[in-house]
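A.B. asks: One structure, pasted below without further comment.
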Amino acid sequence: MPEQKKIGIKITDDVLAGVYANAMRVTHTQEEFLLDFMNVFPPQGIVTARIVISPGHLRRIVNALNDNLSKYEQKIGKKIEPIDEPQPGIGFTP
């Protein structure tokens, strides 16, 4: 097996600060998924980040999120219960 090389990752200050999102919309084509993260505060909202990824990478993200959610729940000792989705009419349509 070939030796794996380490890749250094840099992060700019503006990306490091992060952005807040309280809503997300997922759309897709055959080749890619678009994840729009939004900060919705009626009467309007704003897309704070848009991520465009391949279907294969989306599967890896979903697996990583499931794994981390399970670890979180084990550590905290409490299962996170889903909450109701936002009701239509708060300024965006699903």
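The values are calculated or read from the model by the stated rules, or taken from the named source; none is laboratory data. These numbers come from a predicted model, not from an experiment. Counting neighbours? That spans all protein chains shown, and the Cβs are built from the backbone with ideal geometry, glycine included.
A.B. asks: Quick one: is LEU35 in a strand (DSSP E or B), surrounded by 10 or more Cβ atoms within 10 Å (Cβ to Cβ) and without any contact (Cβ under 8 Å) to a residue 60 or more places away in the chain?
C.D. replies: yes
A.B. asks: Tally up the residues in region 27-47 that are within 22 Å of PRO82 (Cβ to Cβ) and in contact with a strand residue (DSSP E or B) (Cβ under 6 Å, 6 or more places away or on another chain), please.
C.D. replies: Within region 27-47, residues that are within 22 Å of PRO82 (Cβ to Cβ) and in contact with a strand residue (DSSP E or B) (Cβ under 6 Å, 6 or more places away or on another chain) number 9.
A.B. asks: What's the number of the only condition in (1) in contact (Cβ under 8 Å) with a residue 40 or more places away in the chain; (2) surrounded by fewer than 11 Cβ atoms within 10 Å (Cβ to Cβ); (3) charged (D, E, K, R) that ARG25 fails to meet?
C.D. replies: Result: ARG25 passes all but (2).
A.B. asks: Taking the condition surrounded by fewer than 10 Cβ atoms within 10 Å (Cβ to Cβ), out of contact with any Lys or Arg (no Cβ under 6 Å at 6 or more places or on another chain) and modelled with pLDDT under 90, does GLN30 pass?
C.D. replies: no
A.B. asks: Tell me which residues, restricted to region 53-65, are surrounded by 11 or more Cβ atoms within 10 Å (Cβ to Cβ), over 9 Å from the mean Cα position of the chain (by Cα) and not polar (S, T, N, Q). Write out each step before concluding.
C.D. replies: Quick first cut of region 53-65, residues surrounded by 11 or more Cβ atoms within 10 Å (Cβ to Cβ) only: 53-55, 57-61.
Imposing the further condition that a residue be over 9 Å from the mean Cα position of the chain (by Cα) reduces the set to 53-55, 57-60.
Once the filter is applied, which keeps residues that are surrounded by 11 or more Cβ atoms within 10 Å (Cβ to Cβ), over 9 Å from the mean Cα position of the chain (by Cα) and not polar (S, T, N, Q), region 53-65 yields ILE53, PRO55, HIS57, LEU58, ARG59, ARG60.
A.B. asks: Filter region 63-83 for residues that are part of a helix (DSSP H, G or I) and of a type in the set (Asp, Glu) and give the result.
C.D. replies: Within region 63-83, the subset part of a helix (DSSP H, G or I) is 63-76.
Once the filter is applied, which keeps residues that are part of a helix (DSSP H, G or I) and of a type in the set (Asp, Glu), region 63-83 yields ASP67, GLU73.
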